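Bear in mind these aren't lab numbers, they're just calculated from the coordinates by the rules spelled out. Small disclaimer: the values here were computed from a predicted structure and weren't measured. Please note: Cβ atoms are built from the backbone with ideal geometry, for glycine as well, and neighbour counts cover all protein chains shown.
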Amino acid sequence: MSQSAPVAQAAISAESMRGPVAGAESAGESALGGEPQYDLRRKPRVAESIIQGFLFLCGAISILTTLGIVYVLGRESLLFFANEEVNLLKFFGGTEWQPAISRFGIWPLVTATLMASLIAMAVALPVGLCIAIFLSEYASQRTRSILKPILEILAGIPTVVYGYFALTFMTPLLRGTFGRDIVEIYNTASAGIVIGILVIPLVSSMSEDALSAVPGSLRQASYGLGATRLETALRIVLPAALSGVAAAFIVAISRAIGETMIVAIAAGAGPNFTFSPFRAAETMTGHIVRISGGDLSYDSFDYNSIFAIGLLLFLITLSLNVLSQWIVRRFREEYE
Amino acid sequence: MMAVHQQHSAARPTDGLMPSGPAYREQVVARQRRGRLWAVIFQAAVLSGIIALCALLFNILNQSFGYVAIVNNIDPAELAIDGVPLNELTKDQLVGILEANVSAGLMRRYEHDMPFSQRSSENVHELILERVVEPQVQASWGLFESVFARGSIFVEAEERFPGSDVYFRSWLTTSFISKSQSSEPLRAGVRTAIFGSLWVVAITILFSFPIGVGAAIYLEEYAHKERLLNRLIQTNINNLAGVPSIIYGMLGLAIFVRILEAFTSGAIFGVGDQSTANGRTIISAGLTLGLLILPLIIINGQEAIRAVPSSLRQSGFGLGATHWQVIWHHVLPSALPGILTGTILATSRAIGETAPLVVVGASTFIALDPSGPFSKFTVLPIQIYQWTSRPQDEFRNLAAAAILVLLVLLLTMNASAVLLRNHFDRGQASAYRSIYKNDCCHKTSRSDRIRSN
């Protein structure tokens with residue numbers, strides 16, 4: 001009863017609304033006893049349902065992509081580990097990656113990846129954060145409107161161009177600075193620094209978004225208490241935006257780990273278990289590119305092995321991305 | 001402010017409550033000094049970013065132009081007949097020179113490719129340069145040196161390569177753009193790679209634009225946000241945007257190149273190059289990049305659709321339009337500029353993408369233009385990668401010139417995206433959008449940044 005009342009109401013109002021528009025028609029109908037003759041039930045519309053179904057499929061393709069990635073990486077990795085010479089202990093315990101002579105230690109590739117990423121972060125985090133603070137707290141509207149497009153250009157340059165830059169500019173620069181005997185032609189330091197330059201725009205723009213989202217009242221209160229601009233920026237605004245800044249850092253690390261072309265061009269071709277940034281060492285992504293760039297036959301050992309490396313890479317970057325989303329959700333300061 | 005405080009300190013009721021005294025004043029000065037120091041540091045950080053960009057551009061320009069030292073196998077002056085220089089000879093004379101200097105087999109091959117009677121004299125002249133004169137680059141110098149240390153270049157070239165021809169060369173020329181790949185740096189060009197890039201990007205857009213916009217419409221207009229499946233799709237899309245591009249390459253290698261080989265090689269349609277039929281074709285690459293930029297297009301599309309005010313939808317429903325009619329006639333036209341801007345930015349990302357295409361198997365050396373979606377291909381970034389990986393300097397110069405081509409292409413696309421945004425923002429039906437504009441653009445730029453390499 002309570003449910004039917006509004007429906008009746010709606011029917012009446014629909015009737016009255018249509019009255020003047022379709023006057024003759026409704027006059028004829030009301031002669032049949034005054035009951036509303038309009039069928040107000042939702043009409044089944046086949047075309048609409050088909051469209052909705054198609055649109056759902058479009059959305060579902062993203063799920064299929066993820067499933068595809070997991071299936072492909074998982075299946076080929078299983079084939080890799082199914083080989084009797086390989087096992088997880090060797091994979092995670094060995095320090096030599098030479099599949100040709102059955103050495104399957106992943107560590108040389110992982111250390112090179114971590115080293116390049118660490119160097120990149122040492123460049124990108126301070127510079128990116130400083131740029132973000134400058135843009136958000138110091139720069140005038142006019143300065144921002146000049147600087148942000150420059151950063152966008154930096155972000156839009158293809159990574160292969162950065163690779164070229166690393167090999168033809170950064171490496172000679174490093175070799176000139178530290179000596180040609182110390183710095184090899186291919187080295188992780190050069191690749192790492194250029195990856196750092198590559199992710200600066202990412203760090204600065206994501207951090208700046210977080211800093212700008214801090215309400216102005218906090219800044220005003222801080223100034224009112226006599227704090228300088230620097231103290232306000234570092235002790236009030238930055239802590240308030242910390243979750244966003246931390247998320248930016250983690251996304252940047254994930255991006256640096258997954259970066260491929262720079263290390264493929266500048267870091268060296270050949271797994272090398274070393275902790276010296278000036279020596280050639282191949283990262284996970286660099287290894288995948290080099291192996292798959294040659295003539296690779298399906299189901300060969302090399303073919304399966306790059307999928308195992310890919311799976312590890314996927315898991316690392318995915319967990320970093322999930323971590324960054326979790327940090328934003330968990331530690332975000334709400335001011336509204 | 002301090003001075004004011006002290007002048008009136010006697011009359012102030014806050015006397016004794018507010019800090020004062022020389023120790024305090026010193027502290028304030030120190031704090032302000034620290035503030036100024038850090039302001040300089042922040043500015044230096046900004047400056048270092050700009051310097052990095054300038055260094056990158058300088059480096060590329062520096063390598064694209066400059067002096068080269070060239071040694072010819074046979075001096076063109078020796079080929080002159082009766083004092084008439086090579087480039088003024090008639091065609092018959094040129095053919096005669098060619099005949100006298102190359103093997104009969106090669107002549108037959110040229111005749112087979114295109115009879116000499118049909119060739120122009122420029123063409124024969126080019127063949128002579130290629131086969132008889134055979135210029136070889138011995139060394140190349142950067143633009144910076146070429147401008148500021150000209151003298152020493154000539155001296156050095158004379159010492160190291162006696163008899164060499166030293167002249168200023170721009171590696172980026174019209175013939176560089178119009179010629180196909182060659183193992184000779186002086187004659188190599190990027191036409192094949194440009195065509196490859198255009199083909200791949202065309203497939204990418206055809207695949208990802210309809211699907212991406214469709215998914216964005218579904219998520220914004222149809223999906224109930226509370227339902228688990230829809231939440232899963234949304235989370236999933238955000239995560240996909242952070243997957244390294246090389247992983248997409250491996251996905252493409254396993255799915256498109258291998259499992260769908262019959263389709264991607266064109267075998268089931270009876271087209272494609274039958275002799276080397278495998279799945280390493282344009283369509284595999286296009287679909288792989290399509291999957292790669294799909295999350296970007298969806299996220300951008302969602303933001304554009306979200307920025308359409310709901311009053312527009314409500315008035316459409318109020319007039320009795322169906323859900324799809326409201327979307328097609330009202331929501332999409334209003335959201336289109338935002339969607340297109342996002343798509344162009346995603347496309348420029350696809351054009352610069354290298355790693356997934358190496359994995360999918362873009363061919364490294366291809367001299368024939370791609371003829372369709374099922375042909376083998378190479379793209380500009382791969383060409384750059386290949387040239388950069390070569391040890392010889394002259395290939396670095398080629399790579400720099402190819403990078404300039406790529407950057408100009410990307411700049412054109414990004415500029416058109418900006419123009420499009422501005423054009424529609426100033427357009428008539430966008431009075432309401434100006435309210436939402438800042439919000440929309442803010443978010444759009446943010447989602448661009450959440451992209452993997």
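In whole Å, what three semi-axes, largest first, describe the equivalent ellipsoid of region A:91-163 built from its Cα gyration tensor (square root of 5 times each eigenvalue)?
On the way: eigenvalues 338, 42, 7 Å².
Those come to 41, 15, 6 Å.
For peptide A:252-265, compute the average count of partner chain beta-carbon atoms within 10 Å of each residue's beta-carbon. Before the final figure, lay out each step's value.
On the way: counts 0, 0, 5, 7, 1, 3, 9, 6, 13, 12, 1, 0, 7, 6.
Partner-chain Cβ atoms within 10 Å, mean over residues of A:252-265: 5.
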* To do: Would you kindly compute the Cα radius of gyration of region A:165-271 and its largest Cα-Cα separation (Dmax), both in Å?
  => 19.4, 59
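Listing B:HIS125, A:HIS287, B:HIS330 from the residue with the fewest other Cβ atoms within 10 Å to the one with the most, what is the order? Could the numbers behind the result be given before it?
Values: B:HIS125 20, A:HIS287 24, B:HIS330 17.
Ordered from fewest to most neighbouring Cβ atoms within 10 Å, B:HIS125, A:HIS287, B:HIS330 come out as B:HIS330, B:HIS125, A:HIS287.
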* Label A:ALA221 and B:GLU122 with points 7 Å out from Cα along Cα→Cβ: what is the distance between them in nm? -> 7.4 nm
* Asked: Just going by the charge dipole of the protein assembly as shown, with Lys and Arg at +1 and Asp and Glu at -1 on Cβ, which of A:LEU147, B:GLY242, A:PHE80 is farthest out on the positive end?
  -> A:LEU147
* Computed over region B:191-449, Cα set: Rg, Dmax in Å -> 20.4, 70
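With a 10 Å Cβ neighbour count serving as the proxy for reagent exposure, in which order, fewest first, do A:TYR223, A:TYR186, A:TYR138, A:TYR164 appear?
A:TYR223, A:TYR138, A:TYR186, A:TYR164
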* To do: Please name which of A:ALA124, A:VAL110, A:PHE307 has its Cα lying farthest along the dipole of region A:100-331 towards the positive end, using unit charges on Cβ (Lys, Arg +1; Asp, Glu -1) and the Cα centre as origin.
  => A:ALA124
* Apply the Karplus parameterisation 6.51 cos²θ - 1.76 cosθ + 1.60, with θ equal to phi minus 60°, to every residue of region B:144-149 and state each ³J(HN,Hα) to the nearest whole Hz, in sequence, with x for glycine and proline. => 4, 4, 4, 7, 9, 9
* To do: May I ask for the percentage of alpha-carbon pairs in chain A that lie more than 34 Å from each other?
  => 49 percent
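Pulled fully out, how much extra length does the chain show between B:ARG109 and B:ARG191, if you take 0.36 nm times their separation in residues and subtract their Cα-Cα distance? Don't jump to the answer; show the numbers that get you there.
Values: separation 82, 0.36 × 82 = 29.52 nm, distance 2.34 nm.
Result for the pair: 27.2 nm of gain on full extension.
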* To do: Rounding to the nearest 20 debye, state how big the charge dipole of chain A is about its Cα centre with +1 on each Lys and Arg Cβ and -1 on each Asp and Glu Cβ.
  => 720 debye
* Asked: When you count, for each residue, the other Cβ atoms within 10 Å and take the mean per peptide, how do A:213-220, A:279-286, B:132-139 rank with the highest first?
  -> A:279-286, B:132-139, A:213-220
* Asked: Rg and Dmax of chain B, using alpha carbons, in Å: what are they?
  -> 31.2, 111
* How far is it, in nm, from the label point at A:ILE63 to the one at A:ARG332 when both lie 7 Å from their Cα along the line to the Cβ? -> 2.5 nm
* Asked: What does a probe at B:PHE58 reach in region B:378-401, counting residues whose amide N is under 20 Å from the point 7 Å along Cα→Cβ?
  -> B:397, B:400-401
* Relative to the Cα centre, what is the charge dipole magnitude of the protein assembly as shown, using +1 at the beta carbon of each Lys and Arg, -1 at the beta carbon of each Asp and Glu, and rounding to the nearest 20 debye? -> 2760 debye
* Asked: How many Cβ atoms of partner chains, on average, are near each residue of B:193-201 if near means within 10 Å of its Cβ?
  -> 0
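Can you check what the Kirkwood hydrodynamic radius comes to for region B:152-201, Cα pairs only, in Å to one decimal?
Values: mean 1/r = 0.0768 Å⁻¹.
Across region B:152-201, the inverse of the average 1/r is 13.0 Å.
Given the protein assembly as shown, what count of lysine pairs have C-alpha atoms under 25 Å apart, with each pair 8 or more places apart or on different chains?
Working: A:LYS43/B:LYS225; A:LYS148/B:LYS437; A:LYS148/B:LYS443; B:LYS91/B:LYS179; B:LYS179/B:LYS376; B:LYS225/B:LYS437; B:LYS225/B:LYS443.
For the protein assembly as shown, the number of qualifying lysine pairs is 7.
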* Asked: Can you list the HN-Hα couplings for region B:86-103, worked out from phi with the Karplus curve (6.51, -1.76, 1.60; θ = phi - 60°), rounded to whole Hz and with x for Gly and Pro?
  -> 4, 7, 10, 6, 6, 5, 4, 5, 5, 4, x, 4, 4, 4, 6, 10, 10, 6
* How long is region B:7-138 along each principal axis, judged by its Cα atoms, biggest number first, in Å? -> 109, 29, 23
* Report the relative contact order of chain A, percent, no decimals, based on alpha-carbon pairs under 8 angstrom and at least 6 residues apart. => 22 percent
* **Centre separation in Å (Cα based) which lies between region A:104-125 and region B:151-168** => 43 Å
* Which whole number gives the average, over all residues in B:213-222, of C-beta atoms from other chains lying within 10 Å of the residue C-beta? -> 5
* Magnitude of the Cβ-charge dipole of region B:37-136, K/R +1 and D/E -1, about the Cα centre, nearest 20 debye? -> 500 debye
* Asked: Hey, what did region B:66-169 get for relative contact order, percent, Cα under 8 Å, at least 6 apart?
  -> 55 percent
* Please state the relative contact order of chain B as a whole percent: Cα pairs under 8 Å, 6+ residues apart? -> 18 percent
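If packing is taken as the average number of other Cβ atoms within 10 Å across a peptide's residues, how do A:171-177, A:46-52 rank, most packed first?
Working: A:171-177: 15.9, A:46-52: 12.9.
Ranked from most to least packed, the peptides come out as A:171-177, A:46-52.
Just want the ordering: B:ASP393, A:ASP299, B:ASP369, from fewest to most Cβ atoms lying within 10 Å of their own Cβ.
Details: B:ASP393 18, A:ASP299 9, B:ASP369 15.
Listing B:ASP393, A:ASP299, B:ASP369 from fewest to most nearby Cβ atoms yields A:ASP299, B:ASP369, B:ASP393.
At 10 °C and 1.306 mPa s, grab the translational diffusion coefficient of the protein assembly as shown from Stokes-Einstein with a Kirkwood Rh over Cα pairs, rounded to a whole number in µm² per second. Present the calculation step by step, with values, prior to reporting the outcome.
Numbers: Rh = 30.4 Å.
For the chosen part, D equals 52 µm²/s.
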* Dipole of the protein assembly as shown, positive direction: furthest Cα of A:ILE327, B:LEU407, A:GLY59, with charges on the beta-carbon -> A:ILE327
* Taking H placed 1.01 Å from N in the peptide plane, check which residues at least 5 places from B:GLY266 or on another chain put their amide H under 5 Å from its amide H. => none
* Asked: How large is ³J(HN,Hα), in whole Hz, for each residue of region B:46-56 in order, when computed from phi with the Karplus curve 6.51 cos²θ - 1.76 cosθ + 1.60 and θ = phi - 60°, using x for Gly and Pro?
  -> 4, 4, 5, x, 5, 4, 4, 4, 5, 4, 5
